[in-house]
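For reference, the structure discussed in these notes is given below.
What follows is calculated from the coordinates using simple rules that are stated; it is not laboratory data. Source: prediction; values computed, not measured.
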Amino acid sequence: MVTPTVGVLALQGAFAAHAAILESLGANTVEVRTSEQLADVDALVVPGGESTTMSMLLERSAMLEPLRQRMADGLPTFGTCAGMILLATEISDGRPDQHALGAVDISVTRNGYGRQIDSFESDLDVVGLDAPFHAVFIRAPLVGRSGPAVEVLASVDGDPVLCRQGNVLVSAFHPELSDDDRIHRQWIESLDL
Ligand code: GLN
């Protein structure tokens, strides 16, 4: 396989830790801040952070339509936490001006596990992994509905926290914070480039 160039959307949020893991797995990694950089990547990570801010910055940097277009053309994408929110079909409590790219047919509630809980950790059984993954959730989105095209790869108390639809993977948690590269590795290995 040709070494893939994986972009990490770097407008805001937790992009550096993703880039470090992807590099350690042998991917060429590029921080993406412009539509020109986006045009050159084979796959993209949309990191955690603040989905409202990321949505606004995508708009300001004229990347929203290029990103929609590349995703419509099948760009393999991995969205974590705020990235999951951005890639969802519906944000039940989004800001009115916040964009949902509609790449995965899920409805999410931002901070849906409760602001007072803020963050928690959970050992997840993940489809395709033979031992639990210790996942870190930080003001995580709660998936309320997932459509028939969505494959649920892990759940917490019956709520999906890792989902795939076609080329797009989304997690409510931060896999880059666990000192465990198996989810990134599984994603990289699944890229059909
Ligand atoms: N709650 C944040 C949002 O609405 C996401 C938090 C995170 O990415 N850790 O975007």
Amide H contacts under 5 Å for residue 173, placed H, 5+ residues apart: 81
Work out the P(r) tail for the range 44-103: percent of alpha carbon pairs separated by more than 19 Å, whole number. 18
Taking Cα atoms of the range 81-136, Rg/Rh with Kirkwood Rh, to two decimals? 1.05
Placing one identical point scatterer on every Cα of the range 59-165 and ignoring solvent, what is log10 I(q)/I(0) from the Debye formula at q = 0.12, 0.16, 0.24 Å⁻¹? -0.42, -0.74, -1.41
Coarse-grained scattering of the range 123-181 at q = 0.14, 0.30 Å⁻¹, given as base-10 log I(q)/I(0) from a Debye sum over alpha-carbon atoms: -0.36, -1.48
Given N residues in the chain, what is Rg(Cα) / (2.2 N^0.38 Å)? 0.93
Dividing the Cα radius of gyration by the Kirkwood radius, what Rg/Rh value follows for the range 1-99? 0.95
